[in-house]
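For reference, the structure discussed in these notes is given below.
The values are calculated or read from the model by the stated rules, or taken from the named source; none is laboratory data. This one's a predicted model, so the numbers in the text were calculated from it and none came from an experiment. Here Cβ is always computed from backbone atoms with ideal geometry, including for glycine, and neighbour counts include all displayed protein chains.
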Amino acid sequence: MPETILKVAGLSKTYATGHKALDDVSLEIRKGEILALLGPNGAGKTTLISIICGLVRPSAGTVTVAGNDIVNDYRATRRLIGLVPQEILLEPFETVLDTVTYSRGLFGMKPDPAHVEKLLRMLSLWDKRDSSTKELSGGMKRRCLIAKALSHEPRVLFLDEPTAGVDVELRKDMWAIVGRLQDEGVTTILTTHYIEEAEAIADRVGVISGGRILLVEEKDALMKRLGRRQLRLVLTESVQEIPQSLSHYGLVLSDDGFSAEYTYDEAGTAVGTLLSDIQAAGIGIADIASHRRTLEQIFVELVHADNGAAQ
């Protein structure tokens, strides 16, 4: 089994207002993995990250990073963690090179121009090293934040909405960067609203809602377990209602009656049996298309079910 690098146990956070942002959260993150944490606004994602990074104190529970407690061993854990926040906060008149170099020094690391150069080249910032950060585009500022977070060579990297507001091309560049960091043994936890981001790069997916972790599961296993397939049947003629003989299939007719949707588990009813029964009922089929539910559909369903249970 891969080594656990970050362990969260019974973590809760209640603010002075009475708002409970986290409710008994437990989570283990493996060394070198990419975990995507999904959740709606106000779910507790940023609070969880802020506690782990030492920015907010928990009301209850413990967090350890490589065996170090985030409260009792604050300096050790902070050196192991890099954080890229949602907000772009950079000293506007400082050069890119100085910004990243200074961040390294904040953690007591000795100067290492070669490491800083490597980071800036990896993030396509080397040509901008002498530019002030106020001259950078939004996407370049985001890259600069990542360089700052990696300047002290952390083993765990938190990316809080890292591609918010950047274009699709830059987003894919950042996915590639996260992949390269994984090759170097860096553990990455990212929060994102872009479900395709989780589908593209995550090893595991966690879903948080209402301050509680609903699940943490291998992405492929989750898709296989919950990603049921849907079959769209285009009919040769409009059908007003599903015949009684087909009622047990749960077919859903379109408004115009010219198509029907069938949702099924891959290990469930054979599609061939359904098609035979449809033909036996005297319904003609003009075309068939099949697709699997996306991670976004699964996520929405999980959060909706949790909200319903909470009411």
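Per-residue answers, yes or no, for (1) touching a helix residue (DSSP H, G or I) at 6+ places or on another chain (Cβ under 9 Å); (2) among the small types (G, A, S); (3) loosely packed, with under 15 Cβ neighbours inside 10 Å:
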site: A60; (1), (2), (3): no, yes, yes
site: N72; (1), (2), (3): no, no, yes
site: P85; (1), (2), (3): yes, no, no
site: L90; (1), (2), (3): yes, no, no
site: S103; (1), (2), (3): yes, yes, no
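Are any residues in the range 115-125 surrounded by fewer than 16 Cβ atoms within 10 Å (Cβ to Cβ) and outside any loop (DSSP other than H, G, I, E, B), and if so, which ones? Show your work before the answer.
Within the range 115-125, the subset surrounded by fewer than 16 Cβ atoms within 10 Å (Cβ to Cβ) is 117-118, 121, 124.
Matches in the range 115-125: E117, K118, R121.
For E153, which of the numbered conditions (1) in contact with a helix residue (DSSP H, G or I) (Cβ under 8 Å, 6 or more places away or on another chain); (2) more than 19 Å from Q86 (Cα to Cα); (3) not in a loop (DSSP other than H, G, I, E, B) fails to hold?
E153 satisfies every listed condition except (3).
State which residue pairs qualify: first residue surrounded by fewer than 11 Cβ atoms within 10 Å (Cβ to Cβ) and inside the range 272-288, second residue modelled with pLDDT of 90 or more in any location, beta carbons under 6 Å apart, and separation of 6 or more residues or different chains.
That search, which allows pairs on different chains as well, returns D287/V234.
From the list E94, E117, E87, which one is more than 22 Å from T187 (Cβ to Cβ) and touching a strand residue (DSSP E or B) at 6+ places or on another chain (Cβ under 8 Å)?
On the way: E117 fails: touching a strand residue (DSSP E or B) at 6+ places or on another chain (Cβ under 8 Å); E87 fails: touching a strand residue (DSSP E or B) at 6+ places or on another chain (Cβ under 8 Å).
Answer to the selection: E94.
With the requirement that a residue be farther than 21 Å from P85 by Cα and of a type in the set (S, T, Y), what does the range 25-48 give you?
Residue satisfying the conditions is S26 alone.
State the number of residues belonging to the range 28-58 that are assigned to a loop (DSSP other than H, G, I, E, B) and within 14 Å of V156 (Cα to Cα).
Within the range 28-58, the subset assigned to a loop (DSSP other than H, G, I, E, B) is 31-33, 39-44, 53-58.
Restricting the remaining residues to those that are within 14 Å of V156 (Cα to Cα) gives 31-33, 53-54.
The qualifying residues number 5.
With respect to A164, is the statement that it is at pLDDT below 90, within 21 Å of the chain's Cα centre (by Cα) and small (G, A, S) true? Talk me through it step by step, then tell me what you get.
On the way: at pLDDT below 90: yes; within 21 Å of the chain's Cα centre (by Cα): yes; small (G, A, S): yes.
The answer is yes for A164.
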